[in-house]
Amino acid sequence: MKKKVVSMLMCAALGATLLAGCGSGSTDAGSSDASATTDDGATTDDGAADDGATTDDGAASGDVITIGFAQVGHESDWRTASTNSCQTVFSAENGYDLQFVDCDNDSAVQLEAVRGFIEQDVDYIIIDPIVSTGWDTVLTECEDAGIPVIVIDRTIEDSDKYVSWVGSNFKTEGLAAGEWLKAYTEAKGISDVNVLVIEGSTGASATIGRTEGFKEIADANGWNILDSQSGDFTEAGGQEVMESYCKSYEGQFNVVVCQNDNEAFGAMTAMKNAGVSYGVDGDVILISFDACTAGLEKVLSGEINADFECNPLAAPFVEQVIQALQNGETPEKEVYMTEHWFVNEDILSSITVNGESQDLTVVDQTIIDAQY
Ligand code: GYE
């Protein structure tokens, strides 16, 4: 009974969002929408989602809501914050039974985890997709089983069979890093820009978006991207790639872009060992993404010049999506997290990204203490 109701609600939700023409990435990162629900007439107009049906549902009667969460892995500080956010919000005290699977960055394991959740007949499935493709078959299986899927963080590009996505605009993050570097090098009178990029995991939408966004600005300004290799979003990966860069490009680079903080920590170790100075007092400008606590500490110390936040605290917004479905409402198809751009030096107050002026925040201890 419950499953049938959820299935009908999901169909109504999908119908409404498809009718609304959602599903393709918009580029207004930063315009977070804290209220994940809209009162879309399509749901209430749908005969299937009649009022009687929703009162049979678990939440309304105080039943535990079962959620399966197929998490990417445990590769970074960001990931730990994301996992903590979900485990805190979807706790037993809050009325949830969270089945958590750490997929250890293995796509096959992630597909298996989702199929396991279908077998367990959970009420909702949350997926943080390791890679952005290869999803349509398993999402069709979720749909056939009547289990709504909520995607968080990274995006799915080859299927629209999920109710909502909550996450960040990675291309905008990459654009912001590029715009900051343009303004910063101009302010410092640096005209020759030679960049080494340490990418995140191959095939992850976070990697694809950050790479594309930064490259767009690099190309527009004639910067030289010497190399761009994956460090798999890990500290060990960042160190390994940077060690090889230090040998291959000795004396040729003055900017290193790491696509997350942990890679930046590894790159710092490699540069230190190779006798390359970096950060605000060094020869190499170091840019990072995520801006978790440990990353911001390195911005405050001046070792990282600028850190572009990616907000991992999606779970409260996911809960709003679930509550909307429980109430027979149509959740928004896309919910963007609010993010900030952090710097060490107080020499630029804002940058223009996508034609919009965005503030730069100079890191201090208060900001670090409030960060995840
Ligand atoms: O930047 C990185 C993590 O998908 C946005 O994954 C996320 C990325 C994040 O491993 O630290």
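The values are calculated or read from the model by the stated rules, or taken from the named source; none is laboratory data. Quantities reported herein were computed from a predicted structural model and do not represent experimental measurements. Every residue, glycine among them, receives a Cβ derived from its backbone with ideal geometry; neighbour counts consider all protein chains shown.
Brief remarks follow.
- Residues located in segment 62-88, provided they are under 17 Å from residue 116 (Cβ atoms) and part of a loop (DSSP other than H, G, I, E, B): 72, 73
- Here residue 157 meets each of (1) out of contact with any Cys (no Cβ under 8 Å at 6 or more places or on another chain); (2) farther than 30 Å from residue 225 by Cα with one exception, condition (2).
- Exactly one residue among 137, 133 is within 16 Å of the ligand (Cβ to nearest atom), surrounded by fewer than 19 Cβ atoms within 10 Å (Cβ to Cβ) and farther than 28 Å from residue 286 by Cβ, and that residue is 133.
- Residues of segment 89-125 that turn out to be touching a helix residue (DSSP H, G or I) at 6+ places or on another chain (Cβ under 7 Å) and assigned to a helix (DSSP H, G or I), as a count: 5
- In segment 211-220, residue farthest from the ligand (Cβ to nearest atom) [restricted to those that are under 25 Å from the mean Cα position of the chain (by Cα) and not polar (S, T, N, Q)]: 219
So that you can scan it fast, the table gives a plain yes or no per residue for (1) of a type outside the set (Gly, Ala, Ser); (2) surrounded by fewer than 24 Cβ atoms within 10 Å (Cβ to Cβ); (3) outside the structural domain of residue 177 (by TED's automatic domain parsing); (4) over 21 Å from residue 207 (Cα atoms):
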{"residue": "271", "(1), (2), (3), (4)": "yes, no, no, yes"}
{"residue": "297", "(1), (2), (3), (4)": "yes, yes, no, yes"}
{"residue": "325", "(1), (2), (3), (4)": "yes, no, yes, yes"}
{"residue": "335", "(1), (2), (3), (4)": "yes, yes, yes, no"}
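- Residue 249 meets all of the listed conditions (1) more than 13 Å from the ligand (Cβ to nearest atom); (2) buried (at least 22 other Cβ atoms within 10 Å of the Cβ); (3) among the hydroxyl-bearing types (Ser, Thr, Tyr) but one, namely (2).
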